[in-house]
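None of the figures in this text is laboratory data; all of them are computed from the coordinates on show. This structure is a prediction, so every number in the text was calculated from the model and none was measured. Reconstructed Cβ throughout: ideal geometry from the backbone, glycine too, with neighbour counts over all protein chains shown.
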Amino acid sequence: MRQMLWMALAGVLLLAGCTPNDDFECPGAYTGALSADEEILVGDWKLSGLEGSIAIDLTDDEMDNATTDLYGQISECIREARYVFSENRELAYFGSREVEDVCEEELLFGGTWRLEGNIVSIVSGCTVGGFELDLDEEARSFSYTVYEQVVNFKGDVVAMQVTYTYTDQTERSN
């Protein structure tokens, strides 16, 4: 399952590979003041839901209990994935992995971001990508859907749409 989450990041970023070319220039970082619409994303957003379009069993628990609720099938440690959107347009995405029964957070990628309409664009390294954001009415959670290949506990690959949901963990004054 950890591989699925990390693979999804590549899908989310829609990474375009750089080819050796003397004329190629990497995209510049996003800069400038945030718009009022963008300010809503500033904060720490933790993974709170993971829903597949096809029922699948990710756990080797000797039961055939396939479900579309992928979040309920992943470990508490993997559930610690989070985005941090900063006021200065910096972005960090953290994932966690279990090492000797300890959950360790690691930076998976960083870059800069902008929001135009409902599209979040990200510049990370030499790539530009992003996702279509579905923000809830209270602006306390957002979700996006990507098409990816998910591996069940038997090692079978299942292609499906997966919707990721993140909830704002930032203390806000109203």
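Checking the a/c ratio against 1.5 first, then a/b against b/c, what shape does the Cα gyration tensor give for the stretch 8-165? Since a/c reaches 1.5 and a/b is larger than b/c, the shape of the stretch 8-165 is classed as prolate.
Placing a pseudo-label 7 Å from each Cα along the Cα-to-Cβ vector at residue 152 and residue 172 gives an inter-label distance of 4.0 nm. Cβ-Cβ distance of residue 25 and residue 87, R₀ of 30 Å, FRET efficiency by 1/(1 + (r/R0)^6): the value works out to about 0.65. Summed over qualifying helices (DSSP H, 4 residues or more, each -39500 (n - 2.57)) and divided by its residue number, the chain shows a 222 nm mean residue ellipticity of -2500 deg cm²/dmol.
Rounded to the nearest 20, the Cβ-based charge dipole of the chain about its Cα centre (Lys and Arg +1, Asp and Glu -1) stands at 340 debye.
Candidates 129, 151, 167 compared by Cα position along the dipole of the chain: farthest toward the positive end lies 129, with charges placed on Cβ. Contact order for the chain, expressed relative to its length and based on alpha carbon pairs under 8 Å spaced 6+ residues apart, stands at 28 percent.
Between residue 39 and residue 97, the modelled label-to-label distance comes to 3.9 nm, taking each label 7 Å out from Cα in the direction of the beta carbon. With labels modelled as points extended 7 Å from the Cα through the Cβ direction, what inter-label distance (nm, one decimal) is found for residue 135 paired with residue 71? Result for the modelled spin labels: 1.9 nm. Axis angle, to the nearest 10 degrees, between helix 2-13 and the longest C-alpha principal axis of the chain: 30 degrees. Listed values for the stretch 132-142 are Karplus-derived 3J(HN,Hα) couplings in whole Hz (6.51 cos²θ - 1.76 cosθ + 1.60, θ = phi - 60°), namely 8, 8, 10, 8, 6, 4, 8, 6, 10, 8, 9, and x replaces Gly and Pro.
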